[in-house]
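In what follows, a single structure is set out as structure tokens and then discussed.
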Amino acid sequence: MSDSATTVFTWKIAQLERETADGFVFTAHYTVDANDGTYSAGAYGSVGFERPENLIPFADLTEDQVVIWVQEAIGGDEKVAEIQAALQ
């Protein structure tokens, strides 16, 4: 592998905590993995959410949507870049 290997970052949702009455997700536990083909590193965190005015039914949530919520809740693109730089 060349010295210019690209690091791939993978954000995943490890677990969701929700209210069973209406499906409101109040906490998401997430992982971030970095892999450049030779080395890998990972991080784990959790973030809480405020109740939105319009709930998306729990059954309709996608991992991609929840990852977007997590990234917004932790501070958006700037914080995402900090986390990924630290893993790199």
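Binning at 5 angstrom from zero up to the longest distance, how are the C-alpha pair distances of segment 1-69 distributed in percent?
Per 5 Å bin, starting at zero, the Cα-Cα P(r) for segment 1-69 comes out as 3, 14, 24, 19, 12, 9, 8, 5, 4, 2, 0 percent.
Please work out how much length the chain gains when fully extended from T27 to F58, using 0.36 nm per residue of separation minus the C-alpha to C-alpha distance, in nm with one decimal. Let's see the in-between values first.
Numbers: separation 31, 0.36 × 31 = 11.16 nm, distance 1.29 nm.
Going from the current span to full extension adds 9.9 nm.
At a 1.4 Å probe radius, carbon and sulfur cover how many percent of the accessible area of the chain?
Ligands and nucleic acids excluded, carbon and sulfur give 47 percent.
Once you put a point 7 Å from the Cα of Q15 and another 7 Å from the Cα of A86, both along the Cβ direction, what distance in nm separates them?
Result for the modelled spin labels: 2.1 nm.
What GluC sites (Glu not before Pro) in the chain are in a loop by DSSP, with at most 11 other Cβ atoms within 10 Å of the Cβ?
Listed in order of number, the matching sites are E50, E53.
With every protein chain left in place, what is the accessible area per residue of the chain in square angstrom, probe 1.4 Å?
Details: 5960 Å² over 88 residues.
Each residue of the chain exposes 68 Å² on average to a 1.4 Å probe.
Can you give the angle from 0 to 90° between the axis of helix 76-87 and the longest principal axis of the chain, with both taken from C-alpha atoms, to the nearest 10?
For helix 76-87, the angle is close to 40 degrees.
The values are calculated or read from the model by the stated rules, or taken from the named source; none is laboratory data. Only a predicted model underlies this, so the values are computations on that prediction, with no experimental measurement involved. No Cβ is skipped: glycine too gets one built from the backbone with ideal geometry, and neighbour counts run over all protein chains shown. Just the protein is used for accessible areas: all its heavy atoms, side chains included, with ligands, DNA and RNA removed. Shrake-Rupley method; radii C 1.70, N 1.55, O 1.52, S 1.80 Å.
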